[in-house]
Amino acid sequence: MDLVTEVCRGNLRAIARTISLVEDLDPQAEELVDALYPRTGAATVIGVTGSPGAGKSTLVDGLISLERRRGGKVAVVAVDPSSPFSGGAILGDRLRMQTHATDPGVFIRSMASRGFLGGTAAATADVIKVLDAAGYQTIFIETIGVGQTEIKVVELSDIVLLVMMPGAGDEIQAMKAGIMEIGDIFVINKKDLPGAEKLLAEVEYSLSFKESAADPVGTDSGPIDNPILMTSAVHGEGMEQLLGAIDGYAGKLDSSGKLEGKRRFRLERELLAILNRKVHELMDVHIEVSKQLPGWAEQLYRRETRPYALINEQIRKFMKERKGD
Ligand SMILES: Nc1nc2c(ncn2[C@@H]2O[C@H](COP(=O)(O)OP(=O)(O)OP(=O)(O)O)[C@@H](O)[C@H]2O)c(=O)[nH]1
Ligand SMILES: [Mg+2]
């Protein structure tokens, strides 16, 4: 099976296989991703994050239904945290999207986040490319917005939905500037529960302080207003409005040039991440960094060497050896 051709045709088995290769950092994956890259760029990537149990999956499930009615193919990538606190969560449990299990226009995939920070983000970025090339117009990435990994993953999105619910300490969360900064669209889910109005007031208050200067893209068309919506995902309430807000936001991102800026910025960071990883791998192959580390640390501990002198010396050695290649 020619994976590239089959992925572009939307062959589900080929897509799943390619994603596995990407996740496993298989040597084939680089070539596959490169071959698929020219076919990417059409998908809208929507990050969905927020506290555990806020209703992210239920919301995505509802959005998929609406999106499917319009005829678009939809993919969902759920990044599962490897943190010991939520490690017990079964992926299937986190994904309340069984409604769409048999719909060939919907692709749902879970990814376990990897040990090191860049790993998940890099793998997720490549998984998004595979799905994009496979013709999914909308790609949701669901993460639990607690850790660094999740924030990294969210950075891969064109639009980020921050999902909150009343009575979960989200009132306090809302006050944290960092968490407000990552959201484009704010969703107060479970509006059927007490405290939803209070949370809405608090989110509105916090957002009034949101610094437009923090916009990393730096286009001068001015900031786009952040919509705040109230939903009851489990009852299907507010879903059309949410989809409307997403469409509206996407339209403004596009027409203002911010989407383009965001994507260029993302590519810069992606390239830098690949470069960092490659340089690291290269060094590892040639001077076996991981194996040497304990010995180096021992030398340092005994004050037999100094940190920068040691590393600079290793780099010098490496460069000299490379010259002979
Ligand atoms: N009352 C109420 N419950 C809801 C609503 N939306 C979702 N729930 C329930 O909240 C629970 C968690 O929903 P999920 O969609 O799994 O939440 P999640 O944010 O994806 O959860 P994690 O992925 O585990 O972080 C489920 O029992 C849902 O049925 C809502 O609008 N109102
Ligand atoms: Mg979930």
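3J(HN,Hα) along the stretch 181-186: 5, 7, x, 9, 10, 9 Hz, from the Karplus curve 6.51 cos²θ - 1.76 cosθ + 1.60 with θ = phi - 60°, whole Hz, x for Gly and Pro. Across the stretch 1-75, C-alpha contacts under 8 Å between residues 6 or more apart give a mean separation that, scaled by the residue count, equals a relative contact order of 18 percent. Counted by Cβ distance under 12 Å from residue 3, the other residues give a net charge of -1, where Lys and Arg count +1 and Asp and Glu count -1. Averaged over residues, the count of other Cβ atoms within 10 Å places the peptides 191-197, 157-163, 272-278 in the sequence 157-163, 191-197, 272-278, highest first. Charge tally for residue 67 (other residues, Cβ to Cβ under 14 Å; Lys, Arg +1; Asp, Glu -1): 0. Listed by chain and number, the lysines whose C-alpha is less than 30 Å from the C-alpha of residue 129, apart from same-chain residues fewer than 8 away, are 56, 73, 152, 252, 258, 262, 278.
Values quoted throughout were computed directly from the atomic coordinates according to the rules given, and no laboratory measurement underlies them. This structure is a prediction, so every number in the text was calculated from the model and none was measured. Cβ coordinates were reconstructed from backbone atoms using ideal geometry, including for glycine residues, and neighbour counts include every protein chain displayed.
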